[in-house]
Amino acid sequence: MNDAMHQGTAGADNPQPSLDAQTLVRLKRMLLFTHEDEQYLMMAGNILAAHTEDILNNWYDTILKNNYLATYFTRNGAPDMGYLQSLRPHFRKWITDLCNRQEGNPWWQFEERIAAQLQFRPSAEHDMDPLPMVYLRYLSSFIYPVSEAGRPYLSKHGHPAAEVERMQQAWFKAISFSVLLWVYPQPRQLPF
C-alpha cells in the first residue's frame, strides 16, 4: 500500500477518478450508508484519531501471528519490519481520512492510489516492491477485523451504548465502502 497512500492533485501521473459520482452514491446506498452514518463516522473519527497507534499495534500483532496474513508483508520469507514501519503513517492517515473525508477528487484519488497498489500497477514515484497478488476474497476478509479493532476505543469515551453501536456501524460501513472502491472492477479486472 506504500505509494498508494500519497495524496496529490490530478494530472498526467494522477488521473481523474474512474468512477462517477452517481456510481459512488449507488455503492453507498447499497451499503445502507446514510447521512446519519456520516455524522456517526465523524464522531468515531474524533475518537479513533487519538488511538491510531494502538489500533495499528493490534492490526500488526494479528498480521504477524497469522502466516496467511503476514505473506503480504514479508521479504525473503520473513516479516519485513522496515516495510511495516514505513506503512504506519499511511495507515494512520487512512484511518483519519476515512472518518473525516471530504468526498471529492482528492479523497477519491487517495482511494484510487490504494487500488493501484493492490492491482500491481507500476509507479515510477516509489522504489518499493508491489504487493503480492491480493485476491478479493482475502482483501474483503480484512474488513471485519479492521473494524473491530476500533470498537474498544469507541466505548471508552462516555457515549451511550446506542451511540457507540451507531459509530461502530458507521466505521464498519466506511471500511466496507473503502474496500469496495479498491476492488471495483471497472475499468480494471481483478482476480477473484
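The values are calculated or read from the model by the stated rules, or taken from the named source; none is laboratory data. The structure displayed is predicted, hence computed values, not measured ones. Heads up, the Cβs are rebuilt from the backbone with ideal geometry, glycines too, and the neighbour counts pull from every protein chain shown.
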> Of (1) buried (at least 17 other Cβ atoms within 10 Å of the Cβ); (2) at pLDDT 85 or above, His35 satisfies all except one. Which?
Replying inline: (1)
>> Quick test for you: out of Arg166, Arg137, Arg151, pick the one residue that is of a type in the set (Lys, Arg) and either under 13 Å from the mean Cα position of the chain (by Cα) or at pLDDT below 70 (or both).
In response: Arg137
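Yes/no per residue for (1) surrounded by fewer than 16 Cβ atoms within 10 Å (Cβ to Cβ); (2) in contact (Cβ under 8 Å) with a residue 12 or more places away in the chain; (3) in contact with a strand residue (DSSP E or B) (Cβ under 8 Å, 6 or more places away or on another chain); (4) more than 20 Å from Ala174 (Cβ to Cβ):
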site: Leu31; (1), (2), (3), (4): yes, yes, no, no
site: Tyr40; (1), (2), (3), (4): no, yes, no, no
site: Tyr60; (1), (2), (3), (4): no, yes, no, yes
site: Thr71; (1), (2), (3), (4): yes, yes, no, yes
>> Tally up the residues in segment 47-66 that are in a helix (DSSP H, G or I) and more than 17 Å from the chain's Cα centre (by Cα), please.
In response: 5
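Criterion first (over 27 Å from Lys156 (Cα atoms), among the charged types (D, E, K, R) and out of contact with any Gly (no Cβ under 8 Å at 6 or more places or on another chain)) does Asp37 satisfy it?
No: the conditions fail for Asp37.
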>> Looking at segment 169-188 only, could you name the residues that are modelled with pLDDT under 85 and in contact with an Asp or Glu (Cβ under 6 Å, 6 or more places away or on another chain)?
In response: Leu181
> Can you tell me which of Leu24, Leu48 is under 17 Å from Ser178 (Cβ atoms) and modelled with pLDDT of 85 or more?
Replying inline: Leu48
> What do you reckon, is Gln7 within 16 Å of the chain's Cα centre (by Cα), modelled with pLDDT under 80 and in a loop (DSSP other than H, G, I, E, B)?
Replying inline: yes
>> So, in segment 67-93, how many residues would count as being more than 27 Å from Ala50 (Cα to Cα) and assigned to a loop (DSSP other than H, G, I, E, B)?
In response: 2
